[in-house]
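The values are calculated or read from the model by the stated rules, or taken from the named source; none is laboratory data. Predicted model only: the values in this text are computed from it and were never measured. Here the Cβ positions follow ideal geometry from the backbone for every residue, glycine too, while neighbour counts run over all protein chains shown.
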Amino acid sequence: MNKLNMNNSIINDENNNIVVSKDSIFTIINHSLKTLNIEVKSNCKVIINDFRIIDKEETNIEIKTNNQSSLIYNHSFINKNKYELNINTTYKSEESEIILNIHGINDNGSNTTSVNGNMSDKKNNILIENIRLININNGKGIIIPNILVEISKIIASHNATIGTVSEDELSYLMSKGISKSEAKNLILTGFLINLFKDKEFTTKMKEIINWR
């Protein structure tokens, strides 16, 4: 796969449109992301790995797929203030898939994550939405997972959860002699990084988190 870093000059152009015509992996690590319009051409596979620590931001993402294409968007974040994430999907042809994996921590911040999955009238397409938020230090999160279906021959599902740090996981780690604060940090770090398979990417994430 072609591997590309999406730096500020690429991802912050408000008129940005990216058309991908070969298998690619894009990485975004702690860069502001305002707008991303991406179209995946036929028979292409695209992975986007996106980690950000956010103070105040609105991100709008438009995803379009063509015949037998695939896009996986893995996104984790720490939100310190206000974060609005809006994702819209469009299937231009058949037998394509979009998978959205989002893990967010609202650390005294408020977040709204909205997904509008438009399956249209194209057959044999797949849309999977996995969205999990953890609120700490009076953080707040809202998830709006919409899937619009016009035909029966598709696969569509969404998982959406909002919670806090698991007391059972804390108790288990503390029983191993780990302090409560360290145990909490381990749980939160694991929650953020477990979306990503790229070891280089997760190593950079840990260096940035270190714990905020």
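Quick look at the values:
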item: Members of the stretch 123-160 that are farther than 19 Å from SER96 by Cα and either in contact (Cβ under 8 Å) with a residue 60 or more places away in the chain or small (Gly, Ala, Ser) (or both); result: GLY139, GLY141, ALA160
item: Single residue of the stretch 121-159 satisfying the filter (buried (at least 16 other Cβ atoms within 10 Å of the Cβ) and of a type in the set (Gly, Ala, Ser)) that is nearest to ASN49 (Cα to Cα); result: GLY141
item: The stretch 174-183, residues that are under 19 Å from ASN210 (Cα atoms) and either of a type in the set (Lys, Arg) or in contact with an Asp or Glu (Cβ under 8 Å, 6 or more places away or on another chain) (or both); result: LYS180, ALA183
item: Residue under evaluation ASP107, criteria (1) of a type in the set (D, E, K, R); (2) in contact (Cβ under 8 Å) with a residue 60 or more places away in the chain; (3) surrounded by fewer than 14 Cβ atoms within 10 Å (Cβ to Cβ), criterion not met; result: (3)
item: Flag if ILE187 is in a loop (DSSP other than H, G, I, E, B) and of a type in the set (Val, Ile, Thr); result: no
item: Boolean, LEU192 is hydrophobic (A, V, I, L, M, F, W, C), outside any strand (DSSP E or B), within 25 Å of PHE26 (Cβ to Cβ) and touching a Gly at 6+ places or on another chain (Cβ under 9 Å); result: yes
item: Lone unmet requirement of (1) within 19 Å of the chain's Cα centre (by Cα); (2) more than 22 Å from ASN49 (Cα to Cα); (3) surrounded by 14 or more Cβ atoms within 10 Å (Cβ to Cβ) for THR164; result: (3)
item: Filtered residue count, the stretch 67-85, keeping only those that are under 30 Å from ASN185 (Cβ atoms) and surrounded by fewer than 19 Cβ atoms within 10 Å (Cβ to Cβ); result: 5
item: Single condition ARG132 does not satisfy, out of (1) basic (Lys, Arg); (2) out of contact with any helix residue (DSSP H, G or I) (no Cβ under 8 Å at 6 or more places or on another chain); (3) at pLDDT 95 or above; result: (2)
item: Failed condition for PHE201, given (1) surrounded by 12 or more Cβ atoms within 10 Å (Cβ to Cβ); (2) more than 19 Å from LYS80 (Cα to Cα); (3) free of Cβ contacts under 8 Å to residues at least 60 places away in the same chain; result: (3)
item: Residue that is farthest from GLY109 (Cα to Cα) [pool: residues in the stretch 167-192 that are of a type outside the set (A, V, I, L, M) and under 16 Å from the mean Cα position of the chain (by Cα)]; result: GLY190
item: Single residue of LYS45, LYS64 found to be of a type in the set (Lys, Arg), more than 26 Å from THR202 (Cβ to Cβ) and at pLDDT 90 or above; result: LYS64
item: Within the stretch 80-114, considering residues that are touching a Leu at 6+ places or on another chain (Cβ under 9 Å) and among the hydrophobic types (A, V, I, L, M, F, W, C), the one nearest to ILE53 (Cα to Cα); result: ILE105
item: Test for ASN49: is it farther than 26 Å from ASP121 by Cα and either surrounded by fewer than 17 Cβ atoms within 10 Å (Cβ to Cβ) or out of contact with any helix residue (DSSP H, G or I) (no Cβ under 7 Å at 6 or more places or on another chain) (or both); result: no
